[in-house]
Amino acid sequence: MSSIFTKIINGEIPCYKIAEDEDNFAFLDINPNAKGHTLCIPKKEVDKIMDLDEVSYMKLMAFSRKVGKAIEAAVPCNRVGMSIIGLEVPHVHVHMIPLQSMKNATFQHKETLTQEEFEKTAMEIRGFLK
Ligand code: 5GP
């Protein structure tokens, strides 16, 4: 069965899309630690980051960096943090999180955004992608 993230890539489940290339896809996390919290995923469905082949891993990191720079430009924050966990969804994903403080990195504090806020945030981040 396809992962929930493969369904998002295939358009079977809606998302606030940020970016896509041949191998990777980025969209806003639906339950964000902070406004602008984005997930970068390989299109290839692999559960654990350590099982991703090296070329795909490097491409995912380069893609995440590009997305992270756009987030940093679009969302007021001290810096963008990267985190790889994967305990909830068995499809590799890099959390790109705008950080004001450690609170935003803990996954204990969540922010509620309206649909309009999600759309506006996604649009603003997309606007800084080269
Ligand atoms: P992890 O697997 O690293 O613990 O976290 C999975 C992340 O995926 C969580 O932050 C969660 O909010 C996010 N997530 C789970 N299901 C969906 C979904 O259907 N859409 C989006 N946009 N994010 C999701």
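Quick notes
- Failed item in (1) more than 12 Å from the ligand (Cβ to nearest atom); (2) closer than 19 Å to Ile30 by Cβ; (3) touching a helix residue (DSSP H, G or I) at 6+ places or on another chain (Cβ under 8 Å), with Lys130 passing the rest: (2)
- Unmet requirement for Ile41, which otherwise passes all of (1) touching a helix residue (DSSP H, G or I) at 6+ places or on another chain (Cβ under 6 Å); (2) under 14 Å from Arg126 (Cα atoms); (3) within 11 Å of the ligand (Cβ to nearest atom): (2)
- Qualifying positions in the stretch 46-70 - away from the ligand (no atom under 15 Å from the Cβ) and either of a type in the set (A, V, I, L, M) or open to solvent by less than 80 Å² (accessible area, probe 1.4 Å) (or both): Asp53, Val55, Ser56, Met58, Met61, Ala62, Phe63, Gly68, Ala70
- Residue check for Leu39: hydrophobic (A, V, I, L, M, F, W, C) and touching an Asp or Glu at 6+ places or on another chain (Cβ under 9 Å): yes
- Applying the condition of being of a type in the set (A, V, I, L, M) and open to solvent by 60 Å² or more (accessible area, probe 1.4 Å) to the stretch 82-110 and asking which residue is farthest from the ligand (Cβ to nearest atom) yields Met102.
- Single condition His95 does not satisfy, out of (1) at pLDDT 95 or above; (2) farther than 29 Å from Met1 by Cα: (2)
- Beta carbons closer than 9 Å, at least 6 apart along the sequence or on distinct chains, never pair a first residue in the stretch 45-67 that is at pLDDT below 95 with a second that is assigned to a loop (DSSP other than H, G, I, E, B) and not aliphatic (A, V, I, L, M).
- As for the stretch 14-37, it holds no residue that is in contact with a Gly (Cβ under 8 Å, 6 or more places away or on another chain) and farther than 24 Å from Lys130 by Cα.
The values are calculated or read from the model by the stated rules, or taken from the named source; none is laboratory data. Here the structure is a predicted model, which is why all the values come from computation and not from measurement. Don't worry about glycine lacking a Cβ; one is built from the backbone with ideal geometry, like all the others, and counts go over all protein chains shown. Ligands, DNA and RNA are stripped out before the accessible areas are found, and what is left, the full protein with its side chains, is counted by its heavy atoms. Shrake-Rupley method; radii C 1.70, N 1.55, O 1.52, S 1.80 Å.
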